[in-house]
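A.B. asks: The structure under discussion is supplied below as structure tokens; questions concerning it will follow.
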Amino acid sequence: NSINKNLIYIINDSTAIQSQVYFSIKSNPVNDMIRYKSKAYNKYFGGGMSSIVFQEIREFRSLAYSAWAQFRRPWYNGNNGHFIGFVGCQTDKTLEAILVFKDITMNMPQKAERIELIKSSLVKGINSQRPSFRSYPSIARRWKKMGYSDDPRKDQVSYFKSMKFSDLVDFQKNNIYNKPMVISILTDTTRIDMNELRNYGEVIFLTKEDVFN
């Protein structure tokens with residue numbers, strides 16, 4: 001479904017001492033170049049202890065016990081990609097965690113000096129993931145279904161070796177920046193300033209039965 005404004009879905013759990021906060025952005029249709037750039041973006045922004053999310057949310061501010069983000073690519077080109085993020089934090093830190101997470105997502109901190117490590121890691125990752133002999137036929141069939149006539153990792157390696165940090169900046173601006181964000185929260189609502197929460201979008205209350213079967 002098309003989302004044209006910021007929304008917040010919230011489920012109240014009076015027993016919760018921690019908040020589970022999910023972030024979602026529907027992005028643009030994906031092509032090969034977006035696939036390549038998104039892999040680099042994921043490693044830079046949301047993956048591992050050296051990522052922006054980990055450092056800004058956990059290491060520098062101690063706002064959460066868990067935090068991650070990634071751009072998820074669809075199986076086929078032409079379908080939309082999705083940005084997904086998560087923060088697990090104490091209930092009294094929920095609003096600050098949302099503020100920081102949304103800020104770094106939309107206004108991505110730029111640490112251009114990290115690009116060489118990212119490039120090296122991506123290339124090494126591809127080179128180390130050599131398929132076993134028995135898995136080649138199924139992998140080749142999968143690539144063919146996706147529209148490739150050759151191993152797509154060849155072009156990936158070539159791109160990663162020559163990519164620039166500005167490619168990550170362009171990817172974030174074109175595929176994530178200023179797009180409507182949906183925030184889903186499971187928390188004890190009595191421990192959150194609901195008026196302040198409304199600054200981040202229209203609040204819609206759900207029950208556990210609405211979500212969990």
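A.B. asks: Considering segment 174-193 alone, what residues qualify as being surrounded by 12 or more Cβ atoms within 10 Å (Cβ to Cβ) and part of a helix (DSSP H, G or I)? Outline the logic, then answer.
C.D. replies: Let us first name the residues in segment 174-193 that are surrounded by 12 or more Cβ atoms within 10 Å (Cβ to Cβ), namely 174-177, 179-189, 191-192.
If the condition is that a residue be surrounded by 12 or more Cβ atoms within 10 Å (Cβ to Cβ) and part of a helix (DSSP H, G or I), then ASN174, ASN175, THR189, ARG191 are the ones that fit.
A.B. asks: For segment 67-100, give me each residue that is within 13 Å of ILE192 (Cβ to Cβ) and hydroxyl-bearing (Ser, Thr, Tyr).
C.D. replies: Correct list: THR91, THR94.
A.B. asks: Quick one: in segment 1-15, which of the residues that are within 19 Å of the chain's Cα centre (by Cα) and either under 22 Å from THR189 (Cα atoms) or small (Gly, Ala, Ser) (or both) is surrounded by the fewest Cβ atoms within 10 Å (Cβ to Cβ)?
C.D. replies: Among them, the one singled out is SER2.
A.B. asks: Search segment 37-70 for residues being more than 19 Å from LYS111 (Cα to Cα) and surrounded by 18 or more Cβ atoms within 10 Å (Cβ to Cβ), and hand back the single one that is farthest from the chain's Cα centre (by Cα). Explain how you work it out, then say what you get.
C.D. replies: From segment 37-70, those more than 19 Å from LYS111 (Cα to Cα) are 62-67; that's our starting set.
With the extra rule that they be surrounded by 18 or more Cβ atoms within 10 Å (Cβ to Cβ), the set shrinks to 63-64, 67.
Numbers: LEU63: 18, ALA64: 16, ALA67: 10 Å.
If we take residues in segment 37-70 being more than 19 Å from LYS111 (Cα to Cα) and surrounded by 18 or more Cβ atoms within 10 Å (Cβ to Cβ), then LEU63 is farthest from the chain's Cα centre (by Cα).
A.B. asks: Mind listing whichever residues of segment 16-28 are part of a strand (DSSP E or B) and open to solvent by 70 Å² or more (accessible area, probe 1.4 Å)? Break it down into steps so the answer makes sense when it comes.
C.D. replies: Applying the first criterion (part of a strand (DSSP E or B)) to segment 16-28 yields 18-28.
Answer for segment 16-28, where residues must be part of a strand (DSSP E or B) and open to solvent by 70 Å² or more (accessible area, probe 1.4 Å): TYR22, LYS26.
A.B. asks: Sticking with this one: Would you call TYR148 open to solvent by 80 Å² or more (accessible area, probe 1.4 Å), over 19 Å from LYS43 (Cβ atoms) and in a loop (DSSP other than H, G, I, E, B)? Walk me through it before giving the result.
C.D. replies: On the way: open to solvent by 80 Å² or more (accessible area, probe 1.4 Å): no; over 19 Å from LYS43 (Cβ atoms): yes; in a loop (DSSP other than H, G, I, E, B): yes.
Criteria not met by TYR148.
A.B. asks: Under 7 Å by Cβ, and 6 or more places apart or on different chains, what pairs join a residue from segment 21-35 that is free of Cβ contacts under 8 Å to residues at least 60 places away in the same chain with one that is open to solvent by less than 10 Å² (accessible area, probe 1.4 Å)?
C.D. replies: From residues that are free of Cβ contacts under 8 Å to residues at least 60 places away in the same chain, the pairs are VAL30/GLY81.
A.B. asks: Does PHE101 fit the bill of being of a type outside the set (S, T, N, Q), free of Cβ contacts under 8 Å to residues at least 24 places away in the same chain, buried (at least 16 other Cβ atoms within 10 Å of the Cβ) and part of a helix (DSSP H, G or I)?
C.D. replies: Details: of a type outside the set (S, T, N, Q): yes; free of Cβ contacts under 8 Å to residues at least 24 places away in the same chain: no; buried (at least 16 other Cβ atoms within 10 Å of the Cβ): yes; part of a helix (DSSP H, G or I): yes.
Against the criterion (of a type outside the set (S, T, N, Q), free of Cβ contacts under 8 Å to residues at least 24 places away in the same chain, buried (at least 16 other Cβ atoms within 10 Å of the Cβ) and part of a helix (DSSP H, G or I)), PHE101 does not qualify.
The values are calculated or read from the model by the stated rules, or taken from the named source; none is laboratory data. Given the structure is predicted, the values throughout are model-derived calculations rather than measurements. For neighbour counting, all protein chains shown are included, and Cβ atoms are generated from backbone atoms with ideal geometry for every residue, glycine included. Surface areas here come from the heavy atoms of the whole protein model, side chains and all, with no ligands, DNA or RNA. Shrake-Rupley method; radii C 1.70, N 1.55, O 1.52, S 1.80 Å.
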